[in-house]
Each structure stands twice: as structure tokens, then as C-alpha cells.
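Novice: Structure below; questions to follow.
Where a number appears in this text, it was derived from the coordinates with a stated rule and is not lab data. In this text, all values refer to a predicted model and were calculated from it rather than measured experimentally. Reconstructed Cβ throughout: ideal geometry from the backbone, glycine too, with neighbour counts over all protein chains shown.
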Amino acid sequence: MLSLLHLIESHLREALDKACLNEFSSECSLGVSLDSDLIAASKPEFGDFQSNIALVLAKHLKRNPREIALSVAKVLEEDLRFLAICIPPEVAGPGFINLTLRQSCIENEVKRILGDSRLGVLSIKAEENQKDYGPIVVDFSSPNIAKEMHVGHLRSTIIGDSLARIFEFRGFQVIRLNHVGDWGTQFGMLINHLKQVAPKALDSADAIELGDLVVFYRQAKKRFDDDELFRSESRQEVLNLQSGEPLSLRAWSLLCSQSRREFQKIYDRLDIKITERGESFYNPYLKQVVDELQASGLLVLDQGAKCIFLENMFGKDGKPLPIIVQKSDGGYNYSTTDLAAIRYRFKPKPIGDGAFRILYVTDMGQSSHFEGVFQIARLANWIPERCLIQHVPFGLVQGEDGKKLKTRSGETIRLRDLLDEAVDRAEIDLRSRLADEGRAESKSFIKNVARTIGFAALKYADLSQNRATSYQFSFDRMLSLQGNTAPYLLYSLVRISGIARKGGELEQVTDNLTFALPQELSLARQLLKFDEVIAFIEEELLPNRLCSYLFELSQIFNRFYDQVPVLKAQPELRNSRLALCRLTADTLKVGLGLLGIPTLERM
Ligand code: ARG
């Protein structure tokens, strides 16, 4: 309904001007911005839209807000173009202007999006003031080589993928980047350790499993911390690698491909598309980054390290906290790499990505890191003026005890096991439901449904939480058919498919629509809000809003379907109601698709 909202907004603005000119004359030219402040009504009894402009204006004019609202309403009541869309406005409480759409207008809007594969969501290519946006970079997932991907990476993967899908749906070019940790000290110690304990791993592919690699990594780390000689040897290994020594490079690339293969298995299972461009990609640019920072006069030498002190960055002890971009031994770090990445991503093609917006989906623990590098990049002039750079932080995944998610024996959970368990549990639930319903289904049906529900539940449980908060992981809750869960949404869709199976010609509905019952109208209204939800997420980057929208849609649909006859309705009503069913199904399918969740015809 965004286009309607904008239209009504323009009528409201005009009415405001007129009302002001007539009644408050020169006072209106006080320089108050006459933004009409139109928002979706907070409750159905307030109509469809609400404006509190009279209250805002009243403050500036020192007038009674109700009086202002009444005179705006009066102007609108006489505006025929406005009356074609809404019934005469109501003034409520201290001076809110409540606007309610006409039934005919709702019917027309539903007609408009009924056959539209975009469900009323405008593509950026169709926007009026067509701007030349560059691509949007979504930096997500980004696990570390030689380490296991953990639930934090899973959260990043799921949220990042959904945001990328939403932007793609809006017509943006999205560059999905996997900024894997594939460079730095960890390789020095790992190569050094493997040379001594498992040299085969360094010159032949598949010599070890990722699981073993993770163990080797832990051992190497321990030796690095405890053993002076090992430490210095490892540092030498890093230098060998960074200076491109062939044997080191080969060992490094074997280790990377080992991990990569494991990560890819997870991406394949979850249907995640992502392009690897790890930290090592920026290695050739690191020196330049430091040189440019030096030339801009931003660097300070602190105990041999090149650092930047930012005005608002303080350590726990209250002292200014430096951000190191080159260590005293000449090495670079995570921040330097991220600076090089920002510089590269904003630089125009072909020497960069020419991005106009960059999003980083990581846990909240990295907030100050990103705040710091964004500030430095801004000072260094690497962020073009019209461009956006944003950290998209998320909270922890906790076990049901409220603590960090662990296995029963207290170890970190492997993603592979987590995915397996989701599917296994979904299968157990499914089999018992089938038994209850006395249904016999084929093995392949059960496998497919269990896999879809298992992964859907896992993704949805994560996405339906406001990402800023930590959430408690619970298989039982996420797999429940009740409440704000993936199975509930999938099941609503299955109900609609059932209508088609029972003879409802969903695909053949005509656009001869009439909605008179409150259940029909509230379903229609909810269906028309899809574009507003997408617009909201584009700004606020909160996919949970799409989840609550879809959940609400399913609830409203289920109420409608339980209370209003569809297949048994009179022919002229049946068509309109089938149209609502079809649009609900399409909206659920597209909406779930934007969350990365495929749907089922039967379950
Ligand atoms: N590899 C990092 C980690 O596991 C995440 C990288 C996020 N992206 C970035 N450009 N820093 O914590």
C-alpha cells in the first residue's frame, strides 16, 4: 500500500496547507516543516492510517491541536480525489487524524497485485526518481579456516542470506561475500605444527579431515602460547607465507581447500549462495592502506606499532584505545584487512566493487571493531558521500539453560550435527503425526518433508527473533506446529493447497472482487501491507519483521478460513474468497522464500 500511502500523504499535505492558509494565515509560515507524518494505524479501530501532524503543528503555533485537526479534516471532506480513496476522516483524542480506506479502494488494490509476481513490491528499476545505485555488499557467514564453523557463523549465514534475498528481490545487485579468515598468524603456527606432526597434510589433498584440522589448530595454539621457540618459528612461517614462498603457499592453499569443502557442505544443505573472498584477497593492498593513512596524517607510532587514536574509543581502563594497523614486527591485522576491504568495495569498478552500501553481519562482540574501522575509513575519505556502511549485529544463541549453546558433555556444537538433529527430530515429529492421522506416506515423501521442515524451523527460529537480542535455542519450540514457527506457516500454506485440491480453481480466479465481511477485509488489508514490510526491512535490516508479518497473515487467514465459507460460497462470493486464498498463498511463498525457506504442497 505504499503507493496509496504516498497518494494520501500528498492529499493530506495539500489539506494542511489549505487549512493553515484559511485559519491560521501567516502563522503557518513560521518555518514549521509540514510533513504530514502519516503512519499505519496502530489499531484496526483507528482505520488504516494515522497522522499526528495537528499535534506537531499545534505546539509550534501554540494552538489547540484538535481545532487544527478538525479544520484539516474539513478540507479533506471536500476533496473529491481524497474521497475516492478514503471515507471522511475522523479526529480522535487530542487531535489525531484517522483515515480509513474505502472498501472499493481495497478491492482495487487487491486486484492490482493479484496477478503480480512482485505482490506490489516495486523494483528499484521501476522507481520514479531512478537513482543509479551501485551494488550492495553483504559480508556474512565468514568462518575461519582450520576452525569449525560455529552457531554464531550459522546465525550470520541465515540473517545475511535473508537480507541478501530481500535486496535482490527489490532489484539491487547484491555481492554476497564470504570474508573467511584465511590469513595471518594462525597459519604460521598451524603450518609449523603440521610440519612436525602430520607433514602429509601440507603436501597432499584430503590427508586430514576438518575435524582433525581443528584439533591440530588447538594443539598449535597451545604450543604457540607456551613455547618460545615454537613461537618464533611460527612467526617465520607467517613471513614465508606473506612473502609468497611456494611451499608455504601450497600448504596454505591445501588447508584452505580442506576447510572450504566442509563449509560448502553446510551452504549446500541450507541453500546458501556466497562468494568466497577471504582476508588473503586484500593482502596486496595492505601496504597501500597503511601508506595512505600515513599520508593523511592519521597514524601515530606507539611502541613501534602504527596506530590510530579515535576520539571516542576508550579501553576498559578509561584510557584512549589505539587501533593498530601495523604491528611493530611489520605484520598487519584484522583491522588493516577490513580497512583494505572497505576501500576496495567502495572504489569504482574495475579496481573495486563500486558498492553503494556495505553490510556486515556478525555478532555484537565485533561492534566496536566495526565502529572503529568505519570511522577510520571515513577520516581517510574511503566512503563516498552518498554511500552507506553498516554493521548488522546480532546476539548470542543460548541453550535452554540461558548459557552459551553446548553439547550435553559441554563441548561446542558442530553445525553438521545441529543440522542433522533438526532433520532427525522433524522426522520423528512427522512420523508420529502421520500415525495419528492414519496416513501412509512414501519414504521419499517423509525424507523430503522432514528435511524441509527441519531446516525451515532452524532458519525461522533464528530469523523470527529480533537479531539484536540473544535467543534460546530449542528444538521443541522451533518444531512446534503452534505459535510463531516455520511449521505453523508451512501448514497454513498446505491448507491453501488443500483448497486447490478440493476443487478451488485458485489459478483461475477473475479480478471481479467484492469484499464485504470483516474477515475478508482484514485479510485483504494484511495482504496489501507486504510492500511496507519490505521497505521497512530495507531500512532497518530486521528480517524478524517479515516473520511477524507472515505469522500474522497466517493467523488472519486461518481465522478467515475457519469462519467464512469459501468452496461452499455462492459463485460471486466464491471467486473473491478464492482470490484472497491465492494471494495469501503467493505472499506466504514469496515471503518464506525471502527468508530462505522453501515451501511444501503437503506435509
Ligand atoms: N572471520 C570473522 C569471525 O569469524 C568474521 C568476519 C566478518 N567480516 C569482516 N569483514 N570482518 O569472527
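Novice: Provide the percentage of antiparallel DSSP beta bridges, counting only those with both residues in the chain; round to the nearest 5.
Specialist: Counting DSSP beta bridges with both partners in the chain, the antiparallel share is about 50 percent.
Novice: What is the extension gain from Leu434 to Val494, computed as 0.36 nm multiplied by their sequence separation minus the C-alpha to C-alpha distance, in nm to one decimal?
Specialist: Additional length available on full extension: 20.1 nm.
Novice: Right, another one. Short version: ³J(HN,Hα) in whole Hz for each residue of the stretch 450-461, in order, from phi by Karplus 6.51 cos²θ - 1.76 cosθ + 1.60 (θ = phi - 60°), x for Gly and Pro, what are they?
Specialist: Karplus values, whole Hz, x for Gly and Pro: 5, 5, 4, 5, x, 5, 4, 4, 4, 5, 5, 4.
Novice: Given H placed on each backbone N at 1.01 Å, which residues far from Ile389 in sequence or on other chains put an amide H within less than 5 Å of it?
Specialist: Ile358
Novice: Tell me which trypsin sites (Lys or Arg not before Pro) from the stretch 55-158 have a DSSP coil assignment and no more than 14 other beta carbons within 10 Å of their own.
Specialist: Lys62, Arg102, Lys131
Novice: Could I get the Rg over Rh figure for the stretch 68-159? Both from C-alpha atoms, Rh via Kirkwood, rounded to two places.
Specialist: 1.27
Novice: What is the dipole size for the stretch 146-261, taken about its Cα centre, with +1 at each Lys and Arg Cβ and -1 at each Asp and Glu Cβ, in debye to the nearest 20?
Specialist: In total the dipole reaches around 380 debye.
Novice: What is the fewest-to-most order of Arg431, Arg467 by other Cβ atoms lying within 10 Å of their Cβ?
Specialist: Arg431, Arg467
Novice: Then there's this: What does the convex hull of the Cα atoms of the stretch 381-454 come to per residue, in Å³, rounded to a whole number?
Specialist: In the stretch 381-454, the Cα hull volume divided by residue count equals 215 Å³.
Novice: Using helices alone, I'd like the mean residue ellipticity at 222 nm for the chain: each DSSP H run of four-plus residues gives -39500 (n - 2.57), total over residue count, nearest 500.
Specialist: That calculation yields -17000 deg cm²/dmol at 222 nm.
Novice: So what's the gap between the Cα centers of the stretch 533-603 and the stretch 56-126, to the nearest angstrom?
Specialist: A separation of 25 Å, based on Cα centres.
Novice: Can you tell me which lysines have their Cα less than 29 Å from the Cα of Lys349? Leave out same-chain residues fewer than eight positions away.
Specialist: Filter leaves Lys125, Lys131, Lys273, Lys287.
Novice: Along the charge dipole of the chain, pointing to its positive end and built from +1/-1 on Cβ of Lys, Arg, Asp and Glu, which listed residue (Trp382, Phe49, Leu154) has its Cα farthest out?
Specialist: Leu154
Novice: What is the diffusion coefficient of the stretch 111-260 in µm²/s, taking the Kirkwood radius over Cα pairs and the Stokes-Einstein relation at 37 °C with a viscosity of 0.692 mPa s?
Specialist: For these conditions, the coefficient is 180 µm²/s.
Novice: Just want to confirm a number: the relative contact order over the stretch 489-593, from Cα pairs under 8 angstrom separated by 6+ residues, in percent.
Specialist: Across the stretch 489-593, relative contact order equals 47 percent.
Novice: For Cα pairs less than 8 Å apart in space and 6+ apart in sequence, what is the mean separation divided by the residue count of the stretch 329-456, i.e. the relative contact order in percent?
Specialist: Relative contact order for the stretch 329-456 comes out at 18 percent.
Novice: Would you work out the charge dipole size for the chain about its Cα centre, treating the Cβ of every Lys and Arg as +1 and the Cβ of every Asp and Glu as -1, and quote it to the nearest 20 debye?
Specialist: With Lys and Arg at +1 and Asp and Glu at -1, about 920 debye.
Novice: Additional query: What is the distance in Å between the Cα centroid of the stretch 130-184 and that of the stretch 193-253?
Specialist: Cα centres, the stretch 130-184 to the stretch 193-253: 28 Å.
Novice: When the gyration tensor of the chain is built from Cα positions, what are the square roots of 5 times its three eigenvalues, in whole Å, from largest to smallest?
Specialist: The three semi-axes for the chain are 51, 35, 19 Å.
Novice: Still on this structure: Spelling out what I want: for every residue of the stretch 96-107, take phi, set θ = phi - 60°, compute 6.51 cos²θ - 1.76 cosθ + 1.60 (Karplus), and round to whole Hz; glycine and proline get x.
Specialist: 6, 9, 9, 10, 10, 5, 6, 4, 5, 5, 5, 4
Novice: Just want to confirm a number: the relative contact order over the chain, from Cα pairs under 8 angstrom separated by 6+ residues, in percent.
Specialist: After rounding, I find 13 percent.
Novice: Calculate the dipole size of the stretch 265-354 relative to its Cα centre from +1 charges on Lys and Arg beta carbons and -1 charges on Asp and Glu beta carbons; express the result in debye to the nearest 20.
Specialist: 220 debye
Novice: Check Glu276: other-chain or 5+ apart residues with amide H under 5 Å from its amide H, H built from backbone geometry?
Specialist: Those qualifying (amide H under 5 Å, at least 5 residues apart or on another chain) are Asn178.
Novice: Relative to the longest principal axis of the C-alpha atoms of the chain, give the angle of the C-alpha long axis of helix 571-594, reported between 0 and 90° and rounded to the nearest 10°.
Specialist: 20 degrees
Novice: Determine the alpha carbon to alpha carbon distance for each of Lys74/Lys111; Lys221/Lys404; Lys319/Lys403; Lys195/Lys459; Lys347/Lys589 and list only those over 29 Å.
Specialist: Flagged as over cut-off: Lys74/Lys111; Lys319/Lys403; Lys195/Lys459; Lys347/Lys589.
Novice: What's the local net charge at Phe515, with K and R +1, D and E -1, over the other residues with C-beta under 10 Å away?
Specialist: Once positives and negatives cancel, what remains is 0.
Novice: Can you give me the long-range amide H partners of Phe394? Hydrogens built in the peptide plane at 1.01 Å from N, cutoff under 5 Å, separation of 5 or more residues or another chain.
Specialist: Under 5 Å from the amide H of Phe394 lie the amide H atoms of Thr362, Asp363, Met364, each far enough along the sequence or on another chain.
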